[in-house]
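Down below is the structure, laid out as structure tokens.
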Amino acid sequence: MKYASRPAGALLALVLSCGLAFAHGDGAPQPVDTTGLDPLGEDWLPTNPYRGNKVAIEIGARGYNSNCARCHGLDVKSGGMAPDLRALEPTDDGDGWFLTRVRMGATRDDRVKMPPFEGLISQEAIWAIRAYIDAQPDD
């Protein structure tokens, strides 16, 4: 009888470890509340209008953690599964690459490497996430 609790313990450990798989989100795009940011309109801006904006950085942190961290790492520190976004220069060229990748996603060999977020996350949220990424130290 002293071993009767082992199957129950193993089951409990399995159930608890499943929660860890969702620690950085469930995989479905999450809405980002952009209250406090100036609206950007219908046309996509080619560069980040929120760079250095404290409110945008805070909003971007929430948006990043609920939509990007599962692949690109907490605090924008990639574990190798996806590119380390801290290496992306905070320039117009870097903004262009970022915007295209986030809006259109990426595929390689007919496999989705990054899903497209256009139509799922607003332009304001995407640029706020970029502002947050730009604000992270590249150690």
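Scanning the range 124-131 turns up no residue that is surrounded by fewer than 20 Cβ atoms within 10 Å (Cβ to Cβ) and of a type outside the set (Asp, Glu). Of all residues in the range 75-89, those that are part of a helix (DSSP H, G or I) and open to solvent by 40 Å² or more (accessible area, probe 1.4 Å) total 2.
Given the criteria surrounded by 10 or more Cβ atoms within 10 Å (Cβ to Cβ), more than 20 Å from the chain's Cα centre (by Cα) and modelled with pLDDT of 90 or more, does Asp92 qualify? Yes; evaluated as a whole, the condition is true for this residue.
Please tell me if Thr107 is among the hydroxyl-bearing types (Ser, Thr, Tyr), free of Cβ contacts under 8 Å to residues at least 60 places away in the same chain, surrounded by 12 or more Cβ atoms within 10 Å (Cβ to Cβ) and not in a loop (DSSP other than H, G, I, E, B). Taking the combined requirement at face value, the residue satisfies it. Screening the candidates Val112, Val102, Val55 for the property of being among the aliphatic types (A, V, I, L, M), farther than 21 Å from Ala28 by Cβ and without any contact (Cβ under 8 Å) to a residue 60 or more places away in the chain yields one hit, Val55. Only residues that are without any contact (Cβ under 8 Å) to a residue 12 or more places away in the chain and more than 10 Å from Pro46 (Cα to Cα) were counted across the range 81-93, and they come to 4.
The values are calculated or read from the model by the stated rules, or taken from the named source; none is laboratory data. Note that the structure is predicted; figures quoted are calculated from it, not measured. Using ideal geometry, Cβ is built from the backbone for each residue, glycine included, and neighbour counts are taken over all protein chains shown. Surface areas here come from the heavy atoms of the whole protein model, side chains and all, with no ligands, DNA or RNA. Shrake-Rupley method; radii C 1.70, N 1.55, O 1.52, S 1.80 Å.
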